[in-house]
Structure formats: structure tokens, C-alpha cells
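The values are calculated or read from the model by the stated rules, or taken from the named source; none is laboratory data. Computed from a predicted model, the values in this text were never measured in an experiment. Please note: Cβ atoms are built from the backbone with ideal geometry, for glycine as well, and neighbour counts cover all protein chains shown. These area figures cover heavy atoms from the full protein model, side chains too; ligands, DNA and RNA do not enter into them. Shrake-Rupley method; radii C 1.70, N 1.55, O 1.52, S 1.80 Å.
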Amino acid sequence: MARPKIALIGGGQIGGVLAQLCALRELGDVVMFDIVENMPQGKTLDIAEASPVDGFDVSVTGTNDYKDIAGSDVVIVTAGLPRKPGMSRDDLIGVNSKIMTSVAEGIRENAPNAFVIVISNPLDAMVTLCQKVTGFPSERVCGQAGVLDSARFAAFIAWELGVSVKDVTAITLGGHGDTMVPLVRYANVAGIPVMELLEQKYGNAAKAEEVMTAMVERTKNAGGEVVKLLGNGSAFYSPASSAVAMAESFLKDQKRVLPTCALLQGQYGVDNFYVGVHCVIGAGGIEKIIEMKLDAGEQALMDNSVAAVKELVGSMNL
Ligand code: A3D
């Protein structure tokens, strides 16, 4: 049986880590496309030459020709500019919309059956544009943001409580911006509510609340924290890992429940907008959108986040 084929559109910081992770996990043959001549060929040659050391039997190649992505099962899009210190993700919308339009046309013409995962920012707008231009069914076009935002929230909780990251479940819903919604009530360690553990640690509810609020704020600003420290460019290891988890769930039909930017059709009272929600990802793509029961406070935060997404997407005049 032929190996699956994974196309990476954009061979920059995230694209490079994506290629290496896909190869190390032998998820399939990797083709990296970029408009910069020779760069994707050079980057993938470098990764491929490590194959005898790392022991992966997949091909990793680079190209400047969309024809080479033909037959791809999965396409992961990182083409576009990253933000610089002081910029918001939304500041990228003008330049990245143009790039996304050309990328989506390339995917539509050359990989019409692929499952597409968008990472380019501003995420909620770029995935909307990608789906519009490709015309693919919404179960085959989604965005990566929630896996990463939730991973960041989980990491902060694990570090605070001194427990394994493997035992922490943390959920972030909504848009991939300042209004994202880390769900405190659902955060748990091996089934135990995080608030309960914080209260045990600090001996009083007020301090537990204060510590949780700080972790929620850090989660919302986590992308910016990395941008500021790097000084040039944005996070790239963790976004790549997050998208690979989504691609793997699709390719292996794992049916993982992952926070995903998906097209809502009535869920959470939202019609026809891409928003971060829990989804089942399997061989059918976005096989199911799970609507969680939110309390009034959580729903208000979700509404606020959805309003921000609507304003952002509306500014593209699609
Ligand atoms: P970078 O290292 O600049 O790579 C982007 C690549 O896109 C470059 O190699 C460009 O040559 C290439 N490119 C530009 N125009 C085109 C085009 N028309 N066709 C194909 N390729 C093109 O950036 P990066 O890898 O650090 O980030 C990529 C994107 O992901 C940016 O928009 C970031 O803001 C975004 N990002 C998203 C997240 C999420 O969690 C959603 C996290 C971090 C970064």
C-alpha cells in the first residue's frame, strides 16, 4: 500500500519543524512547497539526509511547483508572514489574505481531495478564506489554534502543580486571539478539578483564584510572550507539534477529540463562522463538532470571542 502524502505549504520556521516531525513519526511522504527558490529543496534535503540516523523510511522533498503536491492526503498551510514584537495577529490580515488566496487556489487545483489544516494568522480569518477559495466541504478545512492554546494552558497548570503534563486536561475555546476562552471549570488533573488542587496547595480559595487568573492571562498572551522573547518571528515548535497531532488523528483515523477551528452551523448559537471548538478528527476529517454545556459566564466569554472573530472575518469583505 502506498504511503500517505503530506503537503506543507510554506517552508519557513513552522514548515521546517512540521517536515521533521512528520518524517520522524513516519506519517507519510512529505512535500514542502514554498515560493522562495531552492529553500524548500535545501531544507528538506537536510532533513532527509538525517533519515539513516533517525531511521525513517519516508521521502521528504521540496518544490516551487504546485503540481508536486498532487495526490496529497493532508495539506498543512503555514504560508504567510508571522508577527513581530508589538503586532497583533490581526495586523497580518492584509498581506496574509493575498498569500492565502493564491495558496488555496494551488490546493484546489492540485490536491482536491486533501484534508487541509491552516496555521497561518490571523487564524480564524485565514481558515475562512481558505475554505471559501478552495470550495472544499467544511469537514475537510480546519485550523490549528486550540490544540496549542490548550497545550499552553495545560503546561502552565502542570508546572504550577508539579504534576506530569500527561495528566492535565485543559480546554481553550473561541477565536485564536486575545479573546480566547480558557475553560477553568473543565481544567483537571487526572479527573480532579484544578481549582480543588490549587485550594489544597494554597489553603485558601482567594489565592487559588488569583493563581488561576494569572495562568488564564498567561495562556491568552502566550503567543505574544514568545514573540517578545524571540525578537524576530513567532512560536514554531509548539504550533508544528499541534498541527501534527491533528494530521495524525486524520491519517490514522484516531478520532481524537481536539480543540479545532471548525465551521459552526448552529453550535453555540453561531452560524457559518469558523471558531475554535472541540471536534472529533478521523478519516472523515472533522467528523463531529462537540457542543459543551457552558454556564452563563463561559457563554458570555464565548460570545465575546465570537464577536471578535466576526469583526475580523467581516473586515475581509468575502
Ligand atoms: P515564516 O518562517 O516566515 O514562514 C512562512 C513561509 O511562508 C516563508 O518561508 C515564506 O517564503 C512562505 N510564503 C510566503 N508567501 C508564500 C506563498 N504565496 N506561497 C507559499 N509560501 C509562501 O513564518 P512561520 O513559519 O513562523 O509562521 C507561519 C504562519 O503561522 C504565520 O502567519 C504565523 O503568524 C502563523 N502562526 C500561527 C500559529 C497558530 O497557532 C495559529 C502559531 C504561530 C505562528
Next item on the list: Give the residue, chosen from F136, F115, that is more than 16 Å from the ligand (Cβ to nearest atom), surrounded by fewer than 24 Cβ atoms within 10 Å (Cβ to Cβ), of a type outside the set (S, T, Y) and in contact (Cβ under 8 Å) with a residue 24 or more places away in the chain.
Entry: F136
Next item on the list: Please give the number of the condition V147 fails out of (1) away from the ligand (no atom under 16 Å from the Cβ); (2) within 26 Å of Q265 (Cβ to Cβ); (3) of a type outside the set (S, T, Y); (4) open to solvent by 10 Å² or more (accessible area, probe 1.4 Å).
Entry: (1)
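Hey, could you check the range 104-137 for residues that are in a helix (DSSP H, G or I) and in contact with an Asp or Glu (Cβ under 9 Å, 6 or more places away or on another chain) and say which is nearest to D149 (Cα to Cα)? Break it down stepwise before answering.
Let us first name the residues in the range 104-137 that are in a helix (DSSP H, G or I), namely 104-110, 123-134.
Of the ones still in play, those that are also in contact with an Asp or Glu (Cβ under 9 Å, 6 or more places away or on another chain) are 110, 125, 133-134.
Numbers: N110: 31, A125: 17, V133: 27, T134: 27 Å.
Among residues in the range 104-137 that are in a helix (DSSP H, G or I) and in contact with an Asp or Glu (Cβ under 9 Å, 6 or more places away or on another chain), the one nearest to D149 (Cα to Cα) is A125.
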Notebook entry, point to check: Name the residues in the range 167-219 that are under 14 Å from A154 (Cα atoms) and assigned to a loop (DSSP other than H, G, I, E, B), would you?
Noted result: A170, I171, L183, A187, A190, G191
Checklist line | the range 68-84 residues that are part of a strand (DSSP E or B), paired with ones that are near the ligand (Cβ under 6 Å from one of its atoms) (beta carbon under 6 Å, 6 or more apart) | finding: V77/I9; V77/V103; V77/S120
Next item on the list: Inspect all residues belonging to the range 206-227 and state whether any of them is touching a residue at least 24 places away in the same chain (Cβ under 8 Å), open to solvent by less than 70 Å² (accessible area, probe 1.4 Å) and over 24 Å from G162 (Cα atoms).
Entry: yes
Note to self: Let me spell it out: the conditions are (1) part of a helix (DSSP H, G or I); (2) within 10 Å of the ligand (Cβ to nearest atom); (3) loosely packed, with under 15 Cβ neighbours inside 10 Å, and K43 meets all of them except one. Which number is the exception?
What the structure shows: (3)
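Tell me, yes or no, whether the range 165-174 has at least one residue that is more than 10 Å from the ligand (Cβ to nearest atom), on the phi > 0 side of the Ramachandran plot and under 16 Å from the mean Cα position of the chain (by Cα). Step through it out loud before you land on a result.
So the first thing to find is which residues in the range 165-174 are more than 10 Å from the ligand (Cβ to nearest atom), and the list is 165-174.
Checking which are on the phi > 0 side of the Ramachandran plot leaves us with 174.
Next, only the ones that are under 16 Å from the mean Cα position of the chain (by Cα) stay: 174.
Yes, the range 165-174 contains a residue that is more than 10 Å from the ligand (Cβ to nearest atom), on the phi > 0 side of the Ramachandran plot and under 16 Å from the mean Cα position of the chain (by Cα).
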Check: In the range 224-259, which residues are touching a strand residue (DSSP E or B) at 6+ places or on another chain (Cβ under 7 Å) and among the small types (G, A, S)?
Finding: A243, A245, A247, S249
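Of a type outside the set (G, A, S) and buried (at least 19 other Cβ atoms within 10 Å of the Cβ), is that true of T172? Walk me through how you get there before you give the answer.
On the way: of a type outside the set (G, A, S): yes; buried (at least 19 other Cβ atoms within 10 Å of the Cβ): yes.
For T172, the condition - of a type outside the set (G, A, S) and buried (at least 19 other Cβ atoms within 10 Å of the Cβ) - is met.
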Notebook entry, point to check: In the range 189-202, is there at least one residue being open to solvent by 10 Å² or more (accessible area, probe 1.4 Å) and of a type in the set (G, A, S)?
Noted result: yes
Note to self: When the residues of the range 85-103 are narrowed to those that are among the polar types (S, T, N, Q) and in a helix (DSSP H, G or I), which ends up surrounded by the most Cβ atoms within 10 Å (Cβ to Cβ)?
What the structure shows: N96
Notebook entry, point to check: So G71 clears everything in (1) of a type in the set (G, A, S); (2) near the ligand (Cβ under 10 Å from one of its atoms); (3) out of contact with any helix residue (DSSP H, G or I) (no Cβ under 8 Å at 6 or more places or on another chain) except one condition, right? Which one?
Noted result: (2)
Checklist line | Those residues of the range 228-261 which are crowded, with 18+ Cβ neighbours inside 10 Å, over 13 Å from the mean Cα position of the chain (by Cα) and of a type in the set (S, T, N, Q), in sequence order | finding: S234, S249
Notebook entry, point to check: Failed condition for H278, given (1) open to solvent by 20 Å² or more (accessible area, probe 1.4 Å); (2) without any contact (Cβ under 8 Å) to a residue 40 or more places away in the chain; (3) within 15 Å of A154 (Cβ to Cβ), with all others met?
Noted result: (2)
Checklist line | Residue selected from the range 290-311 under the condition within 17 Å of G146 (Cβ to Cβ) and among the small types (G, A, S), by the criterion surrounded by the most Cβ atoms within 10 Å (Cβ to Cβ) | finding: S305
Margin query: Which residue is farthest from the ligand (Cβ to nearest atom), if the candidates are limited to the range 214-269 and must be of a type in the set (D, E, K, R) and closer than 30 Å to G284 by Cα?
Written below: D253
